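Read the structure below first, then the notes.
The values are calculated or read from the model by the stated rules, or taken from the named source; none is laboratory data. All figures in this text were calculated on a predicted structure; none of them were measured in a lab. Here Cβ is always computed from backbone atoms with ideal geometry, including for glycine, and neighbour counts include all displayed protein chains.
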Ligand SMILES: NC(=O)c1ccc[n+]([C@@H]2O[C@H](COP(=O)([O-])OP(=O)(O)OC[C@H]3O[C@@H](n4cnc5c(N)ncnc54)[C@H](OP(=O)(O)O)[C@@H]3O)[C@@H](O)[C@H]2O)c1
């Protein structure tokens, strides 16, 4: 039997690399994003690798529309693996004190509301089938109060707790929930960040690790691994010290 995989944010960066990594005969890829031309390009690459690829271009900030599209897609081809990867970077501009409220709203809608709504839609359907895998793409920033991106960090922190709680809720129904926490990955999003990017990796290398760990049904996926060590070490430090360092960043 073939496998059906949904990837949001498939038109760029990590999502596009994941699509190519999963593309092979017998796999149906549902590639969702906003930019139809870039989605078509990625879908063409996936078809060349033997996959069936179906694209949909729309704005995830329409949460009700997103939920309706998920219900329809899952009804026509039951989704085995859903990767909620789409995200909006959130560095606050240097010429303002606070983040622009409308930008904060967009970051919250895309990074938190959409994946939470989407995961709940598929959780119900997958639990009824007794199988499925939901993957939420967070960020290592979920562990730090980043003054340069408060809303972004908060959306990813919320996603982390949501993933853990949903995973506990769905375990007895045969559905796995994983959280992917990337460090720095070379994509259009990270290229807009001026700060230094330790352990920067390519989207392809990042996708290869994610695919391997999803196959192993890992619930917590930190990539690259160095950030798992950094998080473990900084987690042992007094929070006041972490705050002091970040306040000078
Ligand atoms: N790159 C990193 O260093 C890094 C680090 C930590 C976490 N992450 C996370 O990894 C995920 C992928 O990021 P990336 O680096 O691959 O970024 P990217 O290259 O900028 O791609 C972001 C994707 O999200 C889609 N998207 C954004 N806003 C959307 C909206 N309103 N409606 C529908 N789709 C929307 C984009 O679609 P269009 O391009 O079609 O508009 C694009 O496909 C994000 O969740 C991000 O927070 C990335």
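For the stretch 203-223, what are the residues that are in contact with a strand residue (DSSP E or B) (Cβ under 8 Å, 6 or more places away or on another chain) and without any contact (Cβ under 8 Å) to a residue 24 or more places away in the chain? Show your work before the answer.
At the first step, the residues of the stretch 203-223 found to be in contact with a strand residue (DSSP E or B) (Cβ under 8 Å, 6 or more places away or on another chain) are 203, 206, 209-210, 213-214, 217-223.
If the condition is that a residue be in contact with a strand residue (DSSP E or B) (Cβ under 8 Å, 6 or more places away or on another chain) and without any contact (Cβ under 8 Å) to a residue 24 or more places away in the chain, then 209 is the only one that fits.
Please verify whether residue 60 is touching a helix residue (DSSP H, G or I) at 6+ places or on another chain (Cβ under 8 Å), part of a loop (DSSP other than H, G, I, E, B) and closer than 28 Å to residue 116 by Cβ, treating the condition exactly as stated. Taking the combined requirement at face value, the residue satisfies it.
I'd like to check something: does the stretch 81-92 contain any residue that is modelled with pLDDT of 95 or more and away from the ligand (no atom under 11 Å from the Cβ)?
First, the residues of the stretch 81-92 that are modelled with pLDDT of 95 or more: 81-88.
This time we only want the ones that are away from the ligand (no atom under 11 Å from the Cβ), so: 81-82.
Scanning the stretch 81-92, I find at least one residue that is modelled with pLDDT of 95 or more and away from the ligand (no atom under 11 Å from the Cβ), so the answer is yes.
Within the stretch 1-34, the set of residues being in a strand (DSSP E or B), more than 15 Å from the ligand (Cβ to nearest atom) and over 12 Å from residue 54 (Cβ atoms) comprises just one member, 3.
In the stretch 150-179, of all residues being outside any helix (DSSP H, G or I) and under 15 Å from the mean Cα position of the chain (by Cα), the one that is nearest to the ligand (Cβ to nearest atom) corresponds to 179. Which residue out of 176, 137 is in contact with a helix residue (DSSP H, G or I) (Cβ under 9 Å, 6 or more places away or on another chain) and surrounded by 22 or more Cβ atoms within 10 Å (Cβ to Cβ)? Answer to the selection: 137.
Filtering the stretch 180-194 to residues that are within 11 Å of the ligand (Cβ to nearest atom) and not in a helix (DSSP H, G or I) leaves 180, 181, 182, 183, 184, 185, 186, 187, 192, 193.
Restricting attention to the stretch 94-102, does a residue exist that is at pLDDT below 95, over 25 Å from residue 201 (Cβ atoms) and within 15 Å of the ligand (Cβ to nearest atom)? Don't jump to the end; show me each part of the working.
Just the residues of the stretch 94-102 that are at pLDDT below 95, to begin with: 94-102.
Okay, now just the ones that are also over 25 Å from residue 201 (Cβ atoms), so 94-102.
Keeping just the survivors that are within 15 Å of the ligand (Cβ to nearest atom) gives 102.
Among the residues of the stretch 94-102, at least one is at pLDDT below 95, over 25 Å from residue 201 (Cβ atoms) and within 15 Å of the ligand (Cβ to nearest atom), which makes the answer yes.
Which residue, of 147, 115, is touching a helix residue (DSSP H, G or I) at 6+ places or on another chain (Cβ under 9 Å) and more than 14 Å from the ligand (Cβ to nearest atom)? Write out each step before concluding.
Details: 115 fails: more than 14 Å from the ligand (Cβ to nearest atom).
Among 147, 115, only 147 is touching a helix residue (DSSP H, G or I) at 6+ places or on another chain (Cβ under 9 Å) and more than 14 Å from the ligand (Cβ to nearest atom).
Consider residue 222 carefully, then state whether it is within 11 Å of the ligand (Cβ to nearest atom), crowded, with 18+ Cβ neighbours inside 10 Å and outside any helix (DSSP H, G or I). When the stated conditions are applied, residue 222 passes them. Applying the criterion of being under 30 Å from residue 92 (Cα atoms) and outside any strand (DSSP E or B) to the residues of the stretch 121-145, the residue that is nearest to the chain's Cα centre (by Cα) is 138. For residue 93, the conditions (1) surrounded by fewer than 17 Cβ atoms within 10 Å (Cβ to Cβ); (2) in contact with a strand residue (DSSP E or B) (Cβ under 6 Å, 6 or more places away or on another chain); (3) within 25 Å of residue 140 (Cα to Cα) all hold with the exception of (2).
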